[in-house]
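I have placed the structure first, in the form of C-alpha cells, so that the comments after it can refer back to it.
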Amino acid sequence: MQKSIVSNPAVKQLSETLASIHKSCVFDVAKKIQNIKFDFIQPLESILKNESVKSFFRGVKYLSSIEKSGWPLYHLTFQRVDDVMSLEKEDFFPFLLSFYENQYKSSLAKSWENAPIINEMRKPILKEALSLFENHFYYGTCSVLMCQLYGIAEDIDCYSRAKSLVISEEDIKEIDELYGITDSKKFPKEKRRLFQKIMHVQECIALWDRSLQYINDFVLKNPQKPIEELTVPHRNKICHGEQLNFGTQEHALKAIFIIDSLISFSNEIYLSTQDV
C-alpha cells in the first residue's frame, strides 16, 4: 500500500513541487492551505484540480522561471506571464529590453521620484542614472546606481527606526541564517539591517525574499566566477575598481532592475506602516 501511494503520479507531483519551494515560501504555503477546502476521502488527483492549488503550483513554476533567468524580476508584474515562463535563458535580455522600452520606463522615473522613504537628495542622482542609460552611458549607469545601493538601504533603515519597527533577537538569528550571515561582525551593518526588514512586509513575503536573495547572491557576495565573466553589476567590485566589464546594456539594465526592486521593497515597508 505504501509503495502504491508513493508511486502515484499525483503524489510525486505534489512532493516534487513542495521539495522545490524555498523555506521563505512557508508563509505563503500556510495561507494557501487555509483556503483549500476538500474532502480528505477524495483522491489526491482531485486536490490537484483545486483552483487554489493550481494557482499555487503556477506561482512556483513562475518563480522557478525567474530564478533560472538570472535577472532580478521578482518585484515586476508582467501582463503575459506565460510568455515569461516560456522563455529560454538567452531570450530574457531581448525580451526585457523590449519590456523596458515599451512598458516600463515611462513610469519608472516618476515612481522613483515619488518613493516616500527615499531621501530627497538621493532622487536627482537616481534620475541622472536613468538619463545615462537613455544616452547609452552604461558604465555611468552602473557606477551611479551601485554606489547608491547601500544608501537606499540606509534610507529604509532610517524610516524603520523612525517608525519604531523592531524585530526580536530570535527573528534576527533566523534572518541571519536565511541569508547566510554566519559572522555578523564581518558583514556591513547596512547589509545585515536591510535583510532584517523582510520582517516588516505583510504581502508577498516570498517575492521580496527572493529579491533580497538576488541582491545578496549576485550583487553583494564575493562572486564564484572570474570578475570579467560577471553578467551582473557587482556593487563592491565596481566601487573598488575591480570589475571592468560592466559597460554593457545588459549590466546597466540589470542595475536599474536591482535598484527598482530595492525601491519597491521600501514602498512595501511604507505601505505596511500606514495602518499602524
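The values are calculated or read from the model by the stated rules, or taken from the named source; none is laboratory data. Because the structure is predicted, anything quoted here is derived from the model rather than measured. FYI the Cβ positions are ideal-geometry reconstructions off the backbone, even for glycines, and counts take in every protein chain you see.
At a glance:
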| item | result |
| --- | --- |
| Meets criteria (under 19 Å from the mean Cα position of the chain (by Cα), surrounded by 13 or more Cβ atoms within 10 Å (Cβ to Cβ), at negative phi and among the hydroxyl-bearing types (Ser, Thr, Tyr)) for Tyr150 | yes |
| Cross-chain or 6+ apart pairs with Cβ under 9 Å, segment 166-180 first and in contact (Cβ under 8 Å) with a residue 40 or more places away in the chain and within 16 Å of His200 (Cβ to Cβ), then surrounded by 13 or more Cβ atoms within 10 Å (Cβ to Cβ) and not polar (S, T, N, Q) | Leu178/Phe195; Leu178/Ile198; Leu178/Asp209 |
| Tally, over segment 114-132, of residues that are of a type in the set (A, V, I, L, M, F, W, C) and within 22 Å of the chain's Cα centre (by Cα) | 6 |
| Per-region count, segment 233-256, residues under 15 Å from the mean Cα position of the chain (by Cα) and under 18 Å from Lys191 (Cα atoms) | 1 |
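Yes or no, residue by residue, for (1) among the β-branched types (Val, Ile, Thr); (2) loosely packed, with under 15 Cβ neighbours inside 10 Å; (3) modelled with pLDDT under 95:
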site	(1), (2), (3)
Val81	yes, yes, yes
Leu96	no, no, no
Ser107	no, yes, yes
Pro124	no, yes, no
Leu130	no, no, no
Asn135	no, yes, no
